[in-house]
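Coordinate-derived values only; no laboratory data. No experiment lies behind these values; they were computed from the predicted model shown. Please note: Cβ atoms are built from the backbone with ideal geometry, for glycine as well, and neighbour counts cover all protein chains shown.
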Amino acid sequence: MSEISQGQWRTALPVRKLKNGKKKMVTIGKKMILVGMHEDNYFATEALCRHMRWPLAWGAKVSDDCIRCPLHQTTHKIDDGELVEWSPFPLFPPYGKIVGKMSKQKDLTVYDTRIKDSNIEVFF
């Protein structure tokens with residue numbers, strides 16, 4: 001069994017590169033992930049929204065411990081990836097329902113983070 005299939009900590013970026021309230025999309029191996037800092041806590045999720053695969057680094061908002069995609073407002077908890085709201089935008093109801101049904105509702109993958117040697121590390 002390879003080390004990656006067993007899980008391992010991988011360096012995402014130096015701590016100094018991420019300020020409170022900010023997020024960055026990084027590639028580790030072949031995985032794109034989003035690393036952020038919210039209320040002085042680090043988090044890491046898959047980089048693309050589960051709805052229409054929009055890069056969350058491009059305008060996603062983090063508040064109330066949730067991340068909201070800027071494209072259609074799909075919202076997930078940042079601690080466990082649980083789906084909170086699926087594609088409620090646009091507000092015109094028939095169109096919003098059609099857009100929401102374009103893909104199956106899914107939770108967002110989240111990864112454990114830690115600080116080691118002044119780097120943010122992510123566990124895969």
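Odds and ends about this structure:
- Bridgeable lysines around LYS104 (alpha carbons under 20 Å apart, same-chain partners fewer than 8 residues away excluded): LYS77.
- Within the chain, CYS66 have no other Cys Cβ under 4.7 Å of their Cβ and so lack a disulfide-compatible partner by this rule.
- Over the chain: helical MRE at 222 nm, DSSP H runs n ≥ 4 each giving -39500 (n - 2.57), nearest 500: -2000 deg cm²/dmol
- Taking 16 Å as the straight-line reach from the Cα of LYS101, the aspartates and glutamates in range (excluding those fewer than 8 positions away in the same chain) are GLU85.
- (1) 0.93; (2) 0.95; (3) 1.01, with the label sought being that of the calculated Rg/Rh (Cα atoms, Kirkwood Rh): (3)
- Peptides 63-76, 98-111 ordered by average Cβ neighbours within 10 Å, highest first: 63-76, 98-111
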